1. For the chain, what value does the Rg/Rh ratio take when both radii are computed over Cα atoms and Rh is the Kirkwood radius, given to two decimals?
2. If amide hydrogens are placed 1.01 Å from N in the peptide plane, which non-local residues have theirs closer than 5 Å to the one on residue 201?
3. What FRET efficiency do you get for residue 194 and residue 75 if R0 is 30 Å and r is their Cβ-Cβ distance, rounded to the nearest 0.05?
4. Report, as a whole number in µm² per second, the diffusion coefficient that Stokes-Einstein gives for segment 109-199 at 4 °C and 1.567 mPa s using the Kirkwood radius over alpha carbon pairs.
5. Evaluated at 10 °C with a viscosity of 1.306 mPa s, what Stokes-Einstein diffusion coefficient in µm²/s does segment 147-234 have when Rh comes from the Kirkwood expression over alpha-carbon pairs?
6. Can you list the lysines whose alpha carbon is less than 24 Å from that of residue 319, not counting same-chain residues fewer than 8 positions off?
7. From the phi of every residue in segment 43-58, what ³J(HN,Hα) in whole Hz does the Karplus formula 6.51 cos²θ - 1.76 cosθ + 1.60 yield, where θ is phi - 60° and glycine or proline is x?
8. Over all alpha-carbon pairs in segment 29-82, figure out the percentage whose distance exceeds 17 Å.
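Every number in this text was worked out from the coordinates using simple rules, so none of it is lab data. Only a predicted model underlies this, so the values are computations on that prediction, with no experimental measurement involved. Here the Cβ positions follow ideal geometry from the backbone for every residue, glycine too, while neighbour counts run over all protein chains shown.
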Amino acid sequence: MNGDPRRALPKMDVVLAHPWITEQMHACGRPLVTEVARRALDLAREGLAEGQPLPSLDDIAQTVTTSVTALTSGRVRAVINTTGVVLHTNLGRAPLSDAAREAVTAAAGYSTVEFDLQTGGRGKRGTTANLLLRELTGAPACLAVNNAAAALLLALNALARDREVVVSRGELVEIGGEFRIPAIMEAAGVKLVEVGSTNRTHLSDYIDAISERTALLMVVHPSNYRIEGFTAQPPLTDLVDLARKTGVPLLHDIGSGLLRGQMGDEPTLEDSLRAEVDLAVFSGDKLFGGPQAGLIVGRSDLVQRLARHPVARAVRIDKLTLAALEATLLSHLSGRLEELPIWRMLNLSPQDLRIRAEQLADGLGRAASLREGAGVVGGGSLPGEHLPSVLVEIDPQPMSETAFVAGLRTADPPVIARAEKGRVLVDLRTVPPEEDARLLRILRDALATDA
């Protein structure tokens, strides 16, 4: 046993005293690093038993630091988005306003999520948000859940389980993450009845499909694609009239959460409610400009059925999202849309961006120049619509554009950029002005590294 090479392995306290390890413990905490170090020593013992060479202390420390980095590198981090995609799904869609961030911080500890300060008794979650949403929209009743897919699932399950829901074939969309409307309907326990064709659906198709088993008519806005050419779809008002005549409620999934106004072909909640749909659902984190949430508005009796349904408990909104949503609703109610980052970004003109782009390009020197380009709204909103912009074009030579962009992702904070035909493109539309100086420093460092 005296010749057992495993005895030559360093003790745990020696490993934990290594400077690389102490740095990791400072960043990630002693318990995590200690557990990873224990596993590294166990693996080293197994390797020695199989005849592998004795690892050095540095070898073990490197194994530990690599493992800890792999465990923690995937955590959610702030990034600088230079892609020009305003509602970048992979980057969290709508950035929260300052007010919403402050509200999240305030709610992170003990908070009045289900406590009534006036009575000292239990309160009802979401009461204020629902009141604010009702005030904002003018809808008879409102309900907030954790995302738009959950809102749709809840509505279908509560109102149509074991019955039929009529949908136009051209509206059977697939949303992010390969979630499809038919799959959500199946999960809700309803039977899908497709009507019409991919490009043309008529009112008569809905009429022919309604039977005693029909629980809902559903209209889904195809927000992430566009069908053009030989198309037809009955006006929403005609479908509302049909719903009234047949007694079958109409559910309208308007998608992106545009309240009013004109943005491409996006439907608005205002138009939906003016048409007197029975229920409308939409996202809180797209054009609404708030946190991820599913917002349901419409008839009081139907909203109450949803609120009392067991699924509502499973998809209820959490306290941090609720706080951010309340702050976002107040921004809408006060008419201060400029408080919402997404609306500041969408309203920027190429002239607004040119001054900042020129300053950034000047700071980068000969490697940078300006060119006209375009961003997109993103997030499944306004497909085919572009946002004219002034881009900073960077020549990363001698590195390839792919390697340069990959290097930017390792910066602190990571910079997410796009590459095109040997160049790296930076669109400042999606960069808050207060981040310009930090972005310049990161790009300068990346160019210096490449030199």
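1. Details: Rg = 27.3 Å, Rh = 25.5 Å.
That ratio equals 1.07.
2. Answer set, sorted by chain and number: 232, 233.
3. On the way: r = 42 Å, r/R0 = 1.41.
Efficiency computed from Cβ-Cβ geometry: 0.10.
4. Details: Rh = 15.8 Å.
Taking Rh from Cα pairs, D becomes 82 µm²/s.
5. Working: Rh = 13.4 Å.
Rounded, D is 119 µm²/s.
6. Leaving aside lysines fewer than 8 places away in the same chain, those within reach of residue 319 are 124, 286.
7. Using θ = phi - 60°, the values come out as 5, 5, 5, 4, x, 5, 5, 8, x, 6, x, 5, x, 7, 4, 5 Hz.
8. 47
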